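The next block holds one structure in the form of structure tokens; read it before the comments.
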Amino acid sequence: MRAVVTVVGKDKTGIIAKVSSFLAERSVNILDISQTILQEYFAMIMLVDLSDAKIQLSSLAEECSRLGSEIGMSIHVQHEEIFNAMHKI
């Protein structure tokens, strides 16, 4: 199963490292990643594969949300199909 992870907030050092390490510890594979800085704001979107993950999608979403709170970012995880359906024009 694939999911989309979004990370948004004020830019600071180590965001990519913290989020990617967090996912790796749960055997979530990052398939694609894009990030940008918009003035002082950081925005990142990742396509991840949970096929070998040691965690269910709902639990991963909760844990990512907690991680976001800890590092001062907003982190959301959605199943790829739901993300795509929400963003169709």
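The values are calculated or read from the model by the stated rules, or taken from the named source; none is laboratory data. Predicted model, so just to flag it, every value in this text is computed and none were measured. Here Cβ is always computed from backbone atoms with ideal geometry, including for glycine, and neighbour counts include all displayed protein chains. Areas reflect the complete protein model, heavy atoms only, side chains present, ligands, DNA and RNA absent. Shrake-Rupley method; radii C 1.70, N 1.55, O 1.52, S 1.80 Å.
One residue stands out in the stretch 37-51 among those that are in contact with a strand residue (DSSP E or B) (Cβ under 7 Å, 6 or more places away or on another chain) and not in a strand (DSSP E or B): the one that is farthest from I16 (Cα to Cα), namely L50. Residues in the stretch 1-19 that are under 21 Å from L38 (Cα atoms) and either without any contact (Cβ under 8 Å) to a residue 60 or more places away in the chain or among the small types (G, A, S) (or both): G9, D11, T13, G14, I15, I16, A17, K18, V19. Scanning the stretch 63-89 for residues that are open to solvent by less than 100 Å² (accessible area, probe 1.4 Å), assigned to a helix (DSSP H, G or I) and either under 14 Å from E25 (Cα atoms) or at pLDDT below 90 (or both) yields a count of 8.
Residues are listed down the side, and each one gets a yes or a no for (1) within 18 Å of I82 (Cα to Cα); (2) out of contact with any strand residue (DSSP E or B) (no Cβ under 7 Å at 6 or more places or on another chain); (3) of a type in the set (G, A, S); (4) not in a helix (DSSP H, G or I):
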position: V5; (1), (2), (3), (4): yes, no, no, yes
position: G9; (1), (2), (3), (4): no, no, yes, yes
position: V19; (1), (2), (3), (4): no, no, no, no
position: D32; (1), (2), (3), (4): yes, no, no, yes
position: Q35; (1), (2), (3), (4): no, no, no, yes
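Does the stretch 52-62 hold any residues that are open to solvent by less than 50 Å² (accessible area, probe 1.4 Å) and assigned to a helix (DSSP H, G or I), and which are they?
Those that are open to solvent by less than 50 Å² (accessible area, probe 1.4 Å) and assigned to a helix (DSSP H, G or I): L57, S59, L60, A61.
Take L23 and decide whether it is within 19 Å of M1 (Cβ to Cβ), without any contact (Cβ under 8 Å) to a residue 40 or more places away in the chain, buried (at least 16 other Cβ atoms within 10 Å of the Cβ) and within 10 Å of the chain's Cα centre (by Cα). It is true that L23 is within 19 Å of M1 (Cβ to Cβ), without any contact (Cβ under 8 Å) to a residue 40 or more places away in the chain, buried (at least 16 other Cβ atoms within 10 Å of the Cβ) and within 10 Å of the chain's Cα centre (by Cα).
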